[in-house]
1. Each residue of segment A:122-135 in order: what ³J(HN,Hα) in whole Hz does its phi give by Karplus 6.51 cos²θ - 1.76 cosθ + 1.60, θ = phi - 60°, with x for Gly and Pro?
2. In whole angstrom, how far apart do the alpha carbon centroids of segment A:383-402 and segment A:1-53 sit?
3. For segment A:283-294, what does the Karplus curve 6.51 cos²θ - 1.76 cosθ + 1.60, with θ = phi - 60°, yield as ³J(HN,Hα) per residue in whole Hz, taken in order and with x for Gly and Pro?
4. Give, in nm to one decimal, the length gained when the segment between A:Asp164 and A:Ala383 is fully stretched (0.36 nm per residue of separation minus the Cα-Cα distance).
5. Could you order peptides B:41-50, B:79-88 by the average number of other Cβ atoms within 10 Å of their residues, highest first?
6. Give me the angle, in degrees from 0 to 90, between the Cα long axis of helix B:16-50 and the longest principal axis of the Cα atoms of chain B, rounded to the nearest 10.
7. Grab the beta carbon distance between A:Thr423 and A:Tyr390, set R0 = 25 Å, and tell me the FRET efficiency rounded to 0.05.
8. In whole angstrom, how far apart do the alpha carbon centroids of segment A:124-187 and segment A:188-224 sit?
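Every number here is computed from the coordinates shown, using simple stated rules; none is lab data. Just so you know, these numbers come straight off a predicted model, no measurement behind them. Here the Cβ is made from the backbone with ideal geometry for all residues, glycine too, and neighbour counts use every protein chain on show.
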Amino acid sequence: MFSKFYAWLDSRLRLKPVEKTLLDEPIPGGASWIYVFGSATLFVFLLQAITGMFLAVYYAPTPDHAYDSIQFIERDVLFGAFVRGLHHWGASAMVVAIGLHMLQTFLYGAYKPPREVMWMIGVMLFLLVMAFAFTGYLLPWDQTAYWATQVGVNMAGTIPFVGDFLVKVLRGGESLGALTLSRFFAVHVLFLPSLLIGLIALHLFVLRRVGPAGPWTDRRASLGSETFYPRQVYMDAVVMLGVFLVLSALAIAVPFPLTDKANPADTSFVPVPEWYFLFYYELLKYVHGPLEPLATWVLPLLVILIMLFWPFIDRNPARNPIRRPVALASGFVFLSVVFALLGISISHLYAVPRADPSIARGKALYAEFGCAGCHRVHGEGGAVGPDLSYIADARPEREWHVKHFRDPQSVSPGSFMPKFPLTEQQLNDLTSYMLSLKRPG
Amino acid sequence: MVDESGVQGGFSTPVGTRRSFFAWVTRMAAAVIGVGLAVPLGGYLISPALTRRERPWIDVGGVDGLIAGQPKQLDHVMAVRDGWAESKSHKAVWAVKQPGGEVTVYSPICTHLGCGYRWDEEKRTFQCPCHGSVYDLEGKVLEGPAPRPLDKLPSKIENGRLLVIYKEFKSGVKSPVEL
């Protein structure tokens with residue numbers, strides 16, 4: 001049926017030569033699992049584009065409604081949390097995929113002549129992906145989004161002469177508000193995608209003009225080429241499926257709840273950027289005073305320029321990593337610094353006591369079971385049972401609480417607290433909440 | 001073209017069962033991704049069509065003010081949830097107290113094409129100004145193009161207050177179809 005239709009179409013549109021050009025592209029040295037990262041990046045981009053379009057179906061880009069509309073997607077729309085989860089984790093996957101793709105290109109020296117243009121377009125694509133990440137982060141309009149964007153935008157303010165003006169342009173005025181949200185939305189869903197699609201097309205056009213680089217050793221390359229279809233296509237497809245399954249699992253298993261609705265008056269909120277901006281966030285902690293602009297814009301600009309013009313900076317014609325000690329060493333040092341900063345930042349984040357989700361669940365159970373009917377926490381609730389405001393200081397042992405909730409009389413004879421029918425999970429959550437009730441410091 | 005050793009135009013390419021295996025895996029991967037996306041995205045898109053609005057009982061006023069056989073339009077404000085937006089909507093229903101004390105409540109919308117009708121005290125009929133449909137006190141059609149009697153709304157009296165579930169019905173059809 002399909003082949004008949006294809007033959008009919010082919011007899012009119014002469015598709016066979018197109019098919020041949022697309023599928024019989026020669027892969028020097030044969031298909032390889034190391035060449036899958038470009039396709040994987042393209043796949044994640046398509047996934048982001050599709051899930052993004054669907055999110056836009058219910059999203060409203062105004063400060064009054066953005067938060068509610070995302071909450072509506074999360075709670076009321078069928079598969080809404082899944083679609084949003086895919087888009088959220090897809091953003092991280094995009095950064096990972098493009099990072100691996102660039103690393104492979106770098107290791108294989110595939111940016112060297114005649115592929116300098118392809119590398120430069122690739123760097124621009126990378127910057128666009130970062131711009132996507134930054135603009136998309138504001139859209140849910142929750143506290144994290146608001147304050148992280150506030151910090152990000154203010155960094156542009158340290159650029160001399162034009163800084164203040166640039167900040168106003170980014171924000172669309174004096175403060176982060178309605179105009180900021182609508183322009184970030186427009187940039188995220190209209191401007192950036194158009195640019196990105198154009199550059200992807202150019203990137204692929206150049207690829208087809210110059211061909212893939214293939215192995216770095218002449219000996220392996222001399223093995224001859226293999227057609228793109230079917231083996232490389234099969235490898236790409238398997239990796240795409242893997243990426244899709246991992247993202248789906250993350251979207252289902254690791255929900256990404258909103259924080260509170262953005263509140264410009266609440267300055268106590270400490271924003272934390274997404275992990276792919278963390279290394280930079282950490283860097284800014286070490287640079288103070290007159291040197292700050294160095295970190296906020298001189299260094300990033302320098303790194304971007306070096307990346308962009310790398311094919312002209314590294315003029316060593318060899319592609320084999322062994323014969324490129326300087327390039328490899330600089331790449332290694334750069335990545336070490338980035339990952340060291342990322343590592344330090346993550347360890348710091350985990351050192352800070354952060355809200356444990358089980359505490360919030362425990363608190364909800366506390367309300368659900370009407371514990372406040374007898375117990376008081378910070379002045380709220382009845383005075384029949386003991387005051388629980390600082391119960392964790394009096395009873396710091398987890399086991400005691402678990403035992404107590406199972407059967408209050410077993411650890412506290414004479415207690416008239418009833419046994420509540422609690423599941424293991426509920427027992428643990430309620431205990432976590434009890435253990436969080438302690439004096440500060 | 002492709003010879004025995006799988007060399008095509010100077011490039012090697014897998015042939016035979018090896019080739020069809022790669023093609024099969026590729027197709028399967030595409031199918032799994034396609035279905036894995038199509039099902040949730042389809043559900044996501046049609047989701048609003050599947051959920052019915054919850055209709056609460058709304059207090060439209062006391063029954064003491066109603067006189068038997070004398071229709072009265074009762075205004076009320078109800079909160080309407082429209083996706084993520086919530087708005088207040090002004091609605092009015094027609095209440096007719098029966099001699100026995102029970103109250104019949106009519107949707108304020110003409111069953112013909114959805115205009116609002118009014119009560120003519122002199123002729124003791126409900127009249128629709130748009131296309132001249134006329135109903136009697138029981139909601140039966142006396143004249144005009146209306147295809148069915150006035151739509152009755154579920155109602156009850158609690159503690160002297162009249163409670164109503166506001167509904168809208170498809171206009172222009174023989175039997176009432178809730179929207």
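1. My calculation for segment A:122-135 gives x, 4, 5, 4, 4, 5, 4, 4, 5, 5, 4, 4, 5, 6 Hz in order.
2. For segment A:383-402 versus segment A:1-53, the Cα centre distance is 63 Å.
3. Going residue by residue, I get 4, 5, 6, 8, 10, 10, x, x, 7, 3, x, 4 Hz, with x marking Gly and Pro.
4. Values: separation 219, 0.36 × 219 = 78.84 nm, distance 5.62 nm.
Residue separation times 0.36 nm, minus the Cα-Cα distance, leaves 73.2 nm.
5. Output ranking for B:41-50, B:79-88: B:41-50, B:79-88.
6. With both axes taken from Cα atoms, the answer is about 10 degrees.
7. Numbers: r = 27 Å, r/R0 = 1.08.
In this case the efficiency is close to 0.40.
8. 30
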